[in-house]
């Protein structure tokens, strides 16, 4: 029995050491980590009030800080990365960089609210923290640390060896040519109509998943958003809820919208939305229901900028935020994306 226990302990030690110190995924997780770090560096370099957009990939693909920032009169960082990255991790990394007078816009994907705690604990940020960001891992709860320690599996090990070998042989990542790139504000750019044309058939067949109002209300993501809203209120940061973009023919239900809005109402934070609920025809999208193509991204950003500009004015005048959603609806841009 003693030998068995020693063998088990040794195998766990080898497993932990391999994933914490040796194995890496420079093409997939490396790209996410580089994007997160670049966004944080850009945010840290800004003096004075700033606007930060936090979401999944809906943030950079469907919103453009290069348009929104000048309109609201403050520097803007598009800090959305991927829907699988835990909100607790993003909030943990950004909170030290947010100061009184800053604004955070949260057009979070529906799935980010409804995600369960176990799923969130095993997202890509678990492996990132274990391998490259142990300072953040130590600040996480014990169950999150334990999940990160055991987040690797055989497939991850094999992919790590393959990705490391590809990088070592000078592999050129083709994603920038196929998907576009990222500008200095964190916006995704170059996802043109021409590139989008290749995705038309896949978009036509896409059937988006919409969590129910009950799933949103009970989700671990919702719990994390509420915690962040309380933190923002206590630190003089204006956090504003919004809706993600999506197909007009597959709308989020009014009950689900009400469930999301209650998250913000309960913490006294404003929640704003366009009259069209950020729903657009499939022809306005690039490759997924969360990603507008570039012309639509720009048009949507202009409409969102008008709402956020109003929020800035209200905050500066120290007026109540409650009427914001009604004014935002009245100011929504009725023209379809790319029509101007």
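The values are calculated or read from the model by the stated rules, or taken from the named source; none is laboratory data. None of the values given here were measured: they were computed from a predicted structure. When we count neighbours, we look across all protein chains shown, and the Cβ atoms used for this are built from the backbone with ideal geometry, even at glycine.
Counted as qualifying within segment 205-290 are the helices (runs of 4 or more DSSP H) with 1 or more residues that are in contact (Cβ under 8 Å) with a residue 40 or more places away in the chain and over 23 Å from residue 94 (Cα atoms), namely 213-218, 254-266.
Of 315, 296, which residue is in contact (Cβ under 8 Å) with a residue 40 or more places away in the chain, in contact with a strand residue (DSSP E or B) (Cβ under 7 Å, 6 or more places away or on another chain), part of a helix (DSSP H, G or I) and within 30 Å of residue 175 (Cβ to Cβ)? Please lay out each step first, then the result.
Details: 315 fails: within 30 Å of residue 175 (Cβ to Cβ).
Just a single option satisfies the conditions, and that option is 296.
With the checklist (1) surrounded by fewer than 18 Cβ atoms within 10 Å (Cβ to Cβ); (2) within 14 Å of residue 124 (Cα to Cα); (3) in contact (Cβ under 8 Å) with a residue 60 or more places away in the chain in hand, flag the one item residue 34 doesn't pass. Failed condition: (3). Just one of the numbered conditions (1) free of Cβ contacts under 8 Å to residues at least 12 places away in the same chain; (2) touching a strand residue (DSSP E or B) at 6+ places or on another chain (Cβ under 7 Å) is not true of residue 187: (1).
To keep it simple, each residue is scored yes or no on (1) assigned to a loop (DSSP other than H, G, I, E, B); (2) over 16 Å from residue 291 (Cβ atoms); (3) without any contact (Cβ under 8 Å) to a residue 24 or more places away in the chain.
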residue: 3; (1), (2), (3): no, yes, yes
residue: 84; (1), (2), (3): yes, no, no
residue: 93; (1), (2), (3): no, yes, no
residue: 105; (1), (2), (3): no, yes, no
residue: 108; (1), (2), (3): yes, no, no
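May I ask you to say which residue of 210, 235 is within 19 Å of the chain's Cα centre (by Cα) and surrounded by fewer than 20 Cβ atoms within 10 Å (Cβ to Cβ)?
Working: 235 fails: within 19 Å of the chain's Cα centre (by Cα).
Going through 210, 235 in turn, the sole match is 210.
Quick one: in segment 156-170, of everything that is farther than 17 Å from residue 17 by Cα and free of Cβ contacts under 8 Å to residues at least 24 places away in the same chain, which residue is surrounded by the most Cβ atoms within 10 Å (Cβ to Cβ)? Among those residues, the one meeting the criterion is 162.
Do we have residue 159 as under 19 Å from the mean Cα position of the chain (by Cα), outside any loop (DSSP other than H, G, I, E, B) and within 19 Å of residue 15 (Cα to Cα) here? Spelling it out, it is not the case that residue 159 is under 19 Å from the mean Cα position of the chain (by Cα), outside any loop (DSSP other than H, G, I, E, B) and within 19 Å of residue 15 (Cα to Cα). On inspection, residue 121 qualifies as farther than 30 Å from residue 314 by Cα, in contact with a helix residue (DSSP H, G or I) (Cβ under 8 Å, 6 or more places away or on another chain), without any contact (Cβ under 8 Å) to a residue 60 or more places away in the chain and crowded, with 17+ Cβ neighbours inside 10 Å.
Could you identify the single residue in 148, 126 that is buried (at least 18 other Cβ atoms within 10 Å of the Cβ) and either modelled with pLDDT of 95 or more or under 19 Å from the mean Cα position of the chain (by Cα) (or both)?
Working: 148 fails: either modelled with pLDDT of 95 or more or under 19 Å from the mean Cα position of the chain (by Cα) (or both).
Answer to the check: 126.
Quick one: is residue 257 within 20 Å of residue 197 (Cα to Cα), modelled with pLDDT of 95 or more and surrounded by 16 or more Cβ atoms within 10 Å (Cβ to Cβ)?
Working: within 20 Å of residue 197 (Cα to Cα): no; modelled with pLDDT of 95 or more: yes; surrounded by 16 or more Cβ atoms within 10 Å (Cβ to Cβ): yes.
In short, no.
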